[in-house]
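We did not get these values from a lab; they are worked out from the coordinates using the rules stated. Not measured: the values here are computed from a predicted model. With ideal geometry, Cβ positions are generated from the backbone for all residues, glycine too; neighbour counts draw on all protein chains shown.
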Amino acid sequence: MPNDKIIKLVTSVNIAEDLDKKMLSNISHKVTDRYDNDLFTLSGHFKTAKQVIELASMQGWKLNKDGSSDVKTPIIARACINYASNMMPEFVKDNKVVKSVIYGGENEQKIARAERVTKTLNYELLAPNSTWPDSFEKMLTQLGCIGWQVRKTGWDDRRKAIHDEFIHYTDVVFNANSRSFDPVSGCRTITHVLNNVSTNELISYINSGIFIDLPEKYFDINDDDLSEDLKHTLYEQHCWLDLDKDGFEEPYIVTLHKESGYVLRVVARFQLSDVEYDKKTKKKVVYIEPIQYFTLYTCFDSFDGSLLGLGLGTLLLSIAASYDTSINQLIDAGRLSNSSTYLKDKSYNNKSRDLTLEVGKINEIDTGGLEISKMMTRVDFNEPSGTLFQLMGYLDQSAKELSSTGDMMTGQAAPSNMKTGAASALIERGMKVYNSMLKRVIKSFTLNLNNMFRIVHIHYPNEKYMVFHDMPDLSVEQDFDMSQLDVFPTADPNMAAESQRAIKAEALLAIKDDPLIPPENKINIIREFLTTIGYENLDRFVPSMEKAQQDPMVVQIKQEYEQKNAQLEQAQQQIQQAQQQIELQKAKLQLDAQKMEMDQNQKIMELSQKEQQSVREAQLDTFKIITDAKLKEKDIDARAKSKSGTTG
């Protein structure tokens, strides 16, 4: 059960008002130290990101002081623009961004609740005054460039609306060496740097009771320059502190004034229902689920498994730099080859005449009777290298393969001799890299939507919710209950290319006239096909299902279809019966054949037994004859011996 300290901390608008100066000073030092430590882990990533963005921005063409070229090519810019332009349409389809999934069995009440939730979130993100579409597209451009971005989801109490913003990569600081972005086991400290906060805005928060007061010296403006408003920098740090002195840190949001080091606000980042106690005493805190306001997006997973991802710009950095170097060398070689450079004898000095030559005319100079070839000679430079030009083609092709920006992937026509199936297969193979990037963004956006879901559950006014849906007695807390409902993006990672959608739509249209397709489904197929290829207001071309069912012609066609379907079913039954009879006859023939085979085997066995008996009898007769012969022989021998003895 929550104790009084926890209840007071959660319900307080600004805990800093109840803390003494020593505690506030300790918190200020902790916030500053954590910010500095986290910033150190990001310094290398910031440096790389700055290089990528400078190269992607191209900075325009210029000549260096020595006259050499310094052209920046659009290799990274092309990849990032294509990335953002392909990604954005996947997340906004038919003016919808969010879809819901119901847990457990569905019923009318759950379905209606899911529709209210998705309608609310879609309106909050796509309302006419919403900044989400522009902010999300801007984030996608930088995400493709440097590989990682952070979005912050909160509640705008003045507009009474969700505030989901893209934060510039230098304005959000966290530990880049963390194992994950999870606020409990990963990034336990995240700091949002609020730059250029005006004095008027700061005073507004103080007067509203959101911030505690600051000494007046931090609002003083230089009398010599009253044209500029004094700007402030705030650190809004989402961190963990032990303010109830029980040994277990709780999640809080601390707002610090950088210039003074004053803590302006401390507010709990959890609710009473987020606190889990031990099962034995039910008094000791064992876990607190913090409210997560930040979402990390990545383009590619880092090769070393670290938290921050890689972007197309990061991967293309070395290729783009090599390409720029090559093209600048070609331009410099061409400039030198086209220019007229001479070596002049130092002893020759013609001050009376200008040595500038006019093209197409005979130019006279005073040589003092000397040969021109002895006074000056032209220096010839080699033409631009063809090998270097071929190398540029290889680098450009490598960049296109790496970033999935081949000719057909960017809308250029396929070769005339390439079959449609082959082109589709190439596009699908080329989309694999793009699909993998899309899946990562969808995964992050799902977490982003879960954060929005919880923000709405906590802050969304019931009055606004009931007016929006024109239904009394609705409860935001009940509708936005994540135990029974979840929200996901409408983006589908398996349908990431317009070409893939068109191919599947055409395949669906091809089976429209199949007799097995009911008439009402044919209408759905046509409407689905027109939607896929981008048509709106389909009622102008194809009637809706409700209107089609009332059309007498459609009713007649449906009756004819049902009649033909019945005839087809009857014919199928007759075919099945005939097949069953054939199967029975086959089985009977097989049984007869097996019986004949068994009879034949039986006869063979009987003949074999008789033959064996005859052989045995013959063997016995032979044995008897032999035995009788031996006995007679012995008898004759015995008689002979007997006669022989008598005679002697």
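Over all directions, the projected convex hull of the C-alpha atoms in the stretch 158-272 averages 10.0 nm² in area. What separates the Cα centres of the stretch 566-582 and the stretch 172-197 is a distance of 70 Å. Peptides 328-337, 614-623 ranked from most to least packed, by the mean per-residue count of other Cβ atoms within 10 Å: 328-337, 614-623. Between Phe623 and Lys282, the contour length at 0.36 nm per residue exceeds the Cα-Cα span by 112.2 nm.
The label-point distance for Asn565 and Glu463, in a model that sets each label 7 Å from Cα toward Cβ, rounds to 5.3 nm. Fully extending the segment from Gln397 to Met58 would add 120.1 nm, taking 0.36 nm per residue of separation and subtracting the current Cα-Cα distance. Neighbours of His29, meaning other residues whose beta-carbon lies under 14 angstrom from its beta-carbon, give a summed charge of +3 when Lys and Arg score +1 and Asp and Glu score -1.
The local environment of Asp274, defined by Cβ-Cβ distances under 12 Å, has a net charge of -1 under the rule Lys, Arg +1 and Asp, Glu -1. Between Met598 and Asp513, the C-beta separation translates, for a Förster distance of 35 Å, into a calculated FRET efficiency of about 0.05.
Among the chymotrypsin sites (Phe, Trp or Tyr not before Pro) in the stretch 235-337, those placed in a DSSP loop whose Cβ has at most 13 other Cβ atoms within 10 Å are Phe303. Computed over the stretch 242-311, the quotient of the alpha carbon radius of gyration and 2.2 N^0.38 Å is 1.59.
Between Asp171 and Asp70, the FRET efficiency estimated from the beta carbon spacing at R0 = 30 angstrom works out to 0.50.
Length gained on full extension, Ser322 to Lys439: 39.0 nm, using 0.36 nm per residue less the C-alpha separation. In terms of its C-alpha gyration tensor, the stretch 19-127 has an oblate overall shape, because the principal axis ratio a/c (a ≥ b ≥ c, square roots of the eigenvalues) is not below 1.5 and a/b does not outweigh b/c.
Here Leu607 and Lys634 are evaluated by their C-beta separation; at R0 = 35 Å the FRET efficiency comes out at 0.25.
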